[in-house]
Every structure is written in C-alpha cells, then in structure tokens.
Amino acid sequence: MAGIRSVFPDLDLPQTRFLEFGAGWDLTIPLTYAAMGVRHQTLIDLRTSAQLDLINHGLARLGAHLSEYEEIARQPLAIDPTPVRNMEALADRYGIRWFCPVDACDTKFDSGSFDVITNSSVMEHLAPDILVAALRESRRLLVPGGVMSCEIYMEDHWAMADPSISVYNFLCFSEEEWRPFNPDTHYQNRLRLPDYLSAVAESGFELLQTSPAWPTAEDLATLDRLPLDAYFTSKYTREELGVKSLWLLLRKTD
C-alpha cells in the first residue's frame, strides 16, 4: 500500500475497489487495508486456505498494535478487533468479500471491475505460462489507469524450514533434478528478475516502478560457493541470480 500511495497520494481509499489474489491463511494484508480505510475488497484463492482462527488471531494482533501500524502508515487507523464468526462477517464489517475457488487466470468477473489489484508472495508460485495469463487477466479486470502491486519472494522457500541450506539452494538443480522437490502444493518457479520483467511486457502492462532487493557482497559470495546449475549461470548475471525479492507496480494504460 505504501508504494501505491507514494505514486497516487490522493487515492480515495473508501471508494477504491481492491482485488487481491492469493489472499492466504490469515488475511493480514486485507485486514490492514481495511484499517487504513479501504471499504471495497474482493479476495480470491484457488484453494481454501483462509482460516477463521488465524483471521481472528490477526485481528487481535492488529488491534493490539494499532499505534505501531499508524506510525508505519502515517495515518490514523481504525478496526474492530473482536472475532468474526464466519467469512460473511468480513463483508458486513470490513467490506471484504472472499471467493474460493477462483482461478486468477479466468476469474469470470466483469472487465473493469477493479481500480487496484494486489498480491504478495504469490507470483513465485506460478508457472511461467500461468504467470503471464494471470497478469493478462488482471489487466482485463482493471479500469483504464488502474494499477497492480506485486510483492515477489524469490528465495528458495525450503530454506525457511531448513537453515542448513542457502536461500539460493534451488538454483543448484536442473529442471529434472528439481522436480521431486517441487510439488504442486508448494510449487516454486525459480524465475529471476529478467523473467518477471519479460512477463510484464508480454502481458501489456506499463511498468511504473520496480524495486529489486539486489544481492549484497555476502550474497554474491554465497552464490560463488554454490554449484549452480549451468542453465542459471549461462542465462543470468550474478546480480540477477542474487535478487532475493521484487516489488512491481504496474498500470493499465488503456
């Protein structure tokens, strides 16, 4: 949201129609948007992952730390932290409508239904062809001038649970070698910065801003120690391989 507001400081949040795909388990981001004044949010997921106990835990934490979030958001925030009994209550209380299952590549929503589309830690789980299809569908759903914000986590997700491996560990495997470690339930596409920029261009979006987390000297040293697969070393620079996360802000120009 901070990135969107930096480009569009006069965004009328109560009137802006948001769509988030891949909303996840606890809906932390949509609830935070609601606290900031967003009143029209549509959330979609391909699989049922949102859990009421986690949502209510997130509500309690958000309510308990509201002042800290206000410092980050630089504006007063307001949210009712009392637990919700069902997903329908999210619509009544916060204007959050949740739909599942919905395919982000073919949502069935009308064209021009939304002003802003967001996703966080979703794009890295989409195969390249699905990524482009999801971007094209998102572009269709936006009004002219509408924007899309993408937070992409480009590290090996298995490193979160196994501190013995590097965040670049998945770059050491060929496609065939990686397949047994890459199930559909936790698919990682291993795409690097140029691939995401190419997908954006192919989808027809205008790239407004890009903020890669470029590798540090220590990150580059780690890459130098790893037996990286030849596919990656022949296609990308060390700096491109080392990017660990990426934020993209895209706009529909017509």
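Please go through region 135-172 and give me each residue that is acidic (Asp, Glu), farther than 24 Å from Lys108 by Cβ and not in a loop (DSSP other than H, G, I, E, B), ordered by number.
Glu151
Output the residues belonging to region 104-124 that are over 18 Å from Leu27 (Cα atoms), touching a residue at least 40 places away in the same chain (Cβ under 8 Å) and not in a loop (DSSP other than H, G, I, E, B).
Passing the criteria: Phe114, Asp115, Glu124.
Which residues, taken from region 33-57, are more than 11 Å from Phe18 (Cβ to Cβ) and in contact with a strand residue (DSSP E or B) (Cβ under 9 Å, 6 or more places away or on another chain)?
Ile44, Asp45, Leu46, Ala50 - these are the residues of region 33-57 that are more than 11 Å from Phe18 (Cβ to Cβ) and in contact with a strand residue (DSSP E or B) (Cβ under 9 Å, 6 or more places away or on another chain).
Consider Val132 carefully, then state whether it is in a helix (DSSP H, G or I), of a type in the set (A, V, I, L, M, F, W, C), at pLDDT 95 or above and in contact with a strand residue (DSSP E or B) (Cβ under 7 Å, 6 or more places away or on another chain).
no
In region 173-186, which residues are in a loop (DSSP other than H, G, I, E, B) and surrounded by 11 or more Cβ atoms within 10 Å (Cβ to Cβ)?
Phe173, Ser174, Asn182
Report whether or not Ser166 is touching a residue at least 40 places away in the same chain (Cβ under 8 Å), crowded, with 17+ Cβ neighbours inside 10 Å, small (Gly, Ala, Ser) and within 22 Å of Val116 (Cα to Cα).
no
Which residue, of Ser67, Ser49, is among the polar types (S, T, N, Q), assigned to a helix (DSSP H, G or I), at pLDDT below 95 and out of contact with any Pro (no Cβ under 8 Å at 6 or more places or on another chain)?
Ser67
Kindly indicate whether any position in region 107-128 is touching a helix residue (DSSP H, G or I) at 6+ places or on another chain (Cβ under 9 Å), of a type in the set (Phe, Trp, Tyr) and within 26 Å of Pro215 (Cβ to Cβ).
no
Any residue in region 163-172 that is within 24 Å of Gln15 (Cα to Cα) and aliphatic (A, V, I, L, M)?
No, region 163-172 contains no residue that is within 24 Å of Gln15 (Cα to Cα) and aliphatic (A, V, I, L, M).
Which one of the conditions (1) farther than 20 Å from Ser138 by Cα; (2) within 17 Å of the chain's Cα centre (by Cα); (3) assigned to a loop (DSSP other than H, G, I, E, B) does Asn189 fail to meet, given that it meets all the rest?
The number of the failed condition is (1).
Within 21 Å of His57 (Cα to Cα) and either hydroxyl-bearing (Ser, Thr, Tyr) or modelled with pLDDT of 95 or more (or both) - does that describe any residue in region 121-128?
The answer is yes, given that some residue of region 121-128 is within 21 Å of His57 (Cα to Cα) and either hydroxyl-bearing (Ser, Thr, Tyr) or modelled with pLDDT of 95 or more (or both).
Residue by residue through region 36-46, note down the ones that are under 17 Å from Ala91 (Cβ atoms) and modelled with pLDDT under 90.
Selection gives Gly37 alone.
From (1) touching a residue at least 60 places away in the same chain (Cβ under 8 Å); (2) part of a loop (DSSP other than H, G, I, E, B), pick out the condition that doesn't hold for Gln209.
(2)
The values are calculated or read from the model by the stated rules, or taken from the named source; none is laboratory data. Just so it is clear, the structure is predicted and the values come from calculations on it, not from any experiment. Every residue, glycine as well, gets a Cβ built from its backbone with ideal geometry; the counts of neighbours run over all protein chains shown.
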